[in-house]
Protein chains: 4
Amino acid sequence: MKVIREWKTMLIPYEQAVEELKVKLKAIRNQYRELNEYSPIEFVTGRVKKISSIIEKAERRNIPLDNIEEEMEDIAGLRIMCQFIDDIYEVVNLLYDRSGKDFTVLYEKDYIKNPKESGYKSYHVIIKYPVQTALGTKEILVELQIRTLAMNFWAIIEHSLSYKYKSKIPEDIRERLRNSALAATRLDEEMTEISKEVRNAQLMFEEKSNT
Amino acid sequence: MKVIREWKTMLIPYEQAVEELKVKLKAIRNQYRELNEYSPIEFVTGRVKKISSIIEKAERRNIPLDNIEEEMEDIAGLRIMCQFIDDIYEVVNLLYDRSGKDFTVLYEKDYIKNPKESGYKSYHVIIKYPVQTALGTKEILVELQIRTLAMNFWAIIEHSLSYKYKSKIPEDIRERLRNSALAATRLDEEMTEISKEVRNAQLMFEEKSNT
Amino acid sequence: MKVIREWKTMLIPYEQAVEELKVKLKAIRNQYRELNEYSPIEFVTGRVKKISSIIEKAERRNIPLDNIEEEMEDIAGLRIMCQFIDDIYEVVNLLYDRSGKDFTVLYEKDYIKNPKESGYKSYHVIIKYPVQTALGTKEILVELQIRTLAMNFWAIIEHSLSYKYKSKIPEDIRERLRNSALAATRLDEEMTEISKEVRNAQLMFEEKSNT
Amino acid sequence: MKVIREWKTMLIPYEQAVEELKVKLKAIRNQYRELNEYSPIEFVTGRVKKISSIIEKAERRNIPLDNIEEEMEDIAGLRIMCQFIDDIYEVVNLLYDRSGKDFTVLYEKDYIKNPKESGYKSYHVIIKYPVQTALGTKEILVELQIRTLAMNFWAIIEHSLSYKYKSKIPEDIRERLRNSALAATRLDEEMTEISKEVRNAQLMFEEKSNT
């Protein structure tokens, strides 16, 4: 059994990977904006999973604690938020184009074309990222979740409720969640209709009134 | 006519007010979170209006440049984003409770009960905030916009399109905008249904897995 | 005896005061810089004392835990770093001018004119700062330490050694510390000689090459 | 002649390199601190040279504007501040150990063993850093300046005065600068005497009272 200090030591390169990737992904957005072009990335957040959550997930998934670094892909996680559904696929393409340079794409899970039963939608890309440590290069797994703002909004709510009911959400609440997932999808679809108008507009907007 | 240097000097206390209020409003959220309670504030952003946008708005509204500090209420602006509609009214109450302490509420505009014709929804509270400068205390106007995440999403899109078409948005796009405003409202209403469930859930969630 | 949760609750307004004052003190520096004038403030840092350090100090000073909020003046602390000795007194004047506005100066300790026996130099100003909390306005004590970069450098070293030897630093190391305090003072004095030259230079420098 | 927009486009990867390297160098410090070990790095700052300063330097050094990316090594610059002189050499070793991984060390200039005539001391390491851009990988030059806090203090002052006098500093001020450089060196030497004591102390200090 790991003691707290061992856990903290293990997590240092994960903290570092999240910090570095936050800067790198935000840089993609800034490159577009400095050139007054529409950016498919709206904003980026990141976090390292809490020790208690790692242990809980390892138990739930029967992952031996010695294997978590190879088998748990979301110890380091970043979220890339997009305005429109089409932007998600553009971001995925950017990630694949970059594979083999400062990170390597391992595999993906398209929960947009194939939503989870709960209604969850997001595009997950798992990458291998090299971190420089005092002991040399260490390659770690990082999960990138790419979503629209509406998908993100819904996912936060669903996550809270899963915790409350320990994954046994009562049927009536489950029903309401499915309805709100439909409302979120409806909003994303309405938005897609006007997204081409906005992509050009944003460009002019940035030039005139960016604050 | 003001030269650039005069404008910059004029805007220094506005920059300062935005920075101070960002810290103060974020502190409200942090107080809830540190006590593991649900926070009605999700996140806070702020900006000072660009000089070019101030001039443009002054022309549009026929405000003499000498009067802009008294008549233009959004030179300093903050946005408070909420998860649920009910949270907005809770935040407004918090602001009124605080009036007379470190700032004073002057008036409000409830564009949620009375949306703009375009479909725009938000709750605006205008406050007077004292800033300490080298020349003594200066009281400035600050506009606080309180909205749900869905209202914010829609407002950003609408703002881009208004700029593109210089406030003369073609009727077909205007129609699409109204449809997406309805979809955003629909999402907010579905969410309201499950908001009470979430408020309690969040609490437990924070205790167990906050990262 | 307070439990951890009670301590954390007690410290929330202190965290808030430090955050707010950091923004306010940095704003003083920015005001000078945006006007291309020499700023007596070089940079500002802040911290809330750790719970373990509060308890340790309360024991050492025989302060009952129920009185620490009134008797321990450095639970919330900020450090204002200056380039030159003269800048320190200018900052102190600024603080007194502001007293009665957004904070009140209570008293001061001039460890520059009267260094501690160890060699420690700094100017301490204790203020009362009103913080807005969920329970209303709370006035807390905050210690502002104003120093040159050389004084700060020395103080950090001395602090580390005091901890190592639990305030019983061996005489030979104590001697070396006094020598390095003299070297720090020497540097500050040499710098004072050229400070007037620099104050004007900085101004031109900022206009030409500030990055 | 480049127009502003071309300059801005050229500088984007430099901005990015500075941001990424700031995170990476700060991570070295954090690794030590999280393990409660003494860190040879105290803090890190970075900046991209202003367009006006690049042009001015190109003229002074007779660098054709088309060659600046190859010949001007400090368009992207980072400063690594150390407490003690010995720490500087430890940092240099860390950088060489890392060469060939996420960056490559090209060459160095040891202005500590061989100070400039003005009295300037610092250790410069020039690296080649690969940045991922929309157009693929771009390798750029970055200058890392490694110094003690006292060297940094002096260098800032000297830089201001060089600007004031356009590199023609009057002899009396030049003399004072040399004297203050001696005082700075004296302070660094006194500090070296007690640095070993501190390195162990810091360790215990961090464990007990780090805030």
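The values are calculated or read from the model by the stated rules, or taken from the named source; none is laboratory data. Fair warning: this is a prediction, and the values are worked out from it, not measured in the lab. FYI the Cβ positions are ideal-geometry reconstructions off the backbone, even for glycines, and counts take in every protein chain you see. To get the accessible areas, we keep the full protein, side chains included, count just its heavy atoms, and leave off ligands, DNA and RNA. Shrake-Rupley method; radii C 1.70, N 1.55, O 1.52, S 1.80 Å.
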Given H placed 1.01 Å from N in the peptide plane, which residues other than close sequence neighbours of B:Phe43 have an amide H under 5 Å from its amide H? B:Met81
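List the accessible area buried at the contact between C and D, summed over both sides and calculated with a 1.4 Å probe, in Å² to the nearest 100.
Chains C and D together bury approximately 4300 Å².
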What percent antiparallel are the DSSP beta bridges of the protein assembly as shown, to the nearest 5? 75
Going through the cross-link list C:Lys196/D:Lys57; C:Lys24/D:Lys168; A:Lys26/A:Lys50; A:Lys196/B:Lys50; A:Lys26/C:Lys26, which pairs have a Cα-Cα distance over 29 Å in this structure? C:Lys24/D:Lys168
For B:Thr148, list long-range residues whose amide hydrogen, built 1.01 Å from N in the peptide plane, is under 5 Å from its own amide hydrogen. B:Cys82
Candidates B:Lys26, B:Lys166, B:Lys109; GNM for chain B (alpha-carbon contacts under 10 Å) flags as most fluctuating B:Lys166
Going 7 Å from the Cα of B:Lys166 toward and past its Cβ, which residues in the range B:48-70 have a backbone nitrogen under 18 Å from where you end up? B:52-62
Roughly what % antiparallel, to the nearest 5, for the DSSP beta bridges in the range B:4-209? 75
P(r) tail fraction, chain B - alpha-carbon pairs more than 24 Å apart, %: 50
Need one number: nm distance between label points at D:Ile63 and A:Lys2, each 7 Å from Cα along Cα→Cβ, rounded to one decimal. 4.6
About the Cα centre, charge dipole magnitude for the range D:4-209 (Lys/Arg +1, Asp/Glu -1 at Cβ), debye: 580
Please report the net charge: other residues with Cβ closer than 9 Å to the Cβ of C:Ser195, K and R +1, D and E -1. -2
Could you grab the relative contact order for chain C? Cα pairs under 8 Å, six or more apart, rounded to a whole percent. 21
Partner shielding of D:181-194, as the mean number of partner chain Cβ atoms within 10 Å, equals 6
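Let me have the 222 nm mean residue ellipticity of chain A computed from DSSP H runs of 4+ only, each contributing -39500 (n - 2.57), with the sum over all residues rounded to the nearest 500.
After summing the helix terms and dividing by residue count, I get -18500 deg cm²/dmol.
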Straight-line reach only, C-alpha to C-alpha below 13 angstrom: list the aspartates and glutamates that D:Lys2 could link to, leaving out same-chain residues fewer than 8 apart. D:Asp66
Per residue solvent-accessible surface (Å²) - the range C:4-209, probe of 1.4 Å: 44
FRET efficiency for B:Phe43 and C:Asp97 from the Cβ-Cβ distance with R0 = 41 Å, rounded to 0.05, comes out at 0.70
Hey, any idea what % of the protein assembly as shown's accessible area is carbon plus sulfur with a 1.4 Å probe? 48
Do you know which residues of the range D:14-33 lose at least 40 square angstrom of accessible area in the protein assembly compared with their chain on its own, with a 1.4 angstrom probe? D:Gln16, D:Glu20, D:Val23, D:Lys24, D:Gln31
Cα extents of the protein assembly as shown along the three principal axes, largest first (Å): 75, 67, 58
Relative contact order computed over the range C:44-118 (Cα-Cα under 8 Å; 6+ residues apart), in percent: 31
Would you tell me the accessible area of D:Thr137, worked out with a 1.4 angstrom probe on the heavy atoms of the protein chains, in Å² to the nearest 10? 80
Out of A:Ala58, A:Phe84, A:Leu21, whose Cα points farthest toward the positive end of the dipole of the range A:4-209 (charges: +1 Lys, Arg; -1 Asp, Glu; placed on Cβ)? A:Ala58
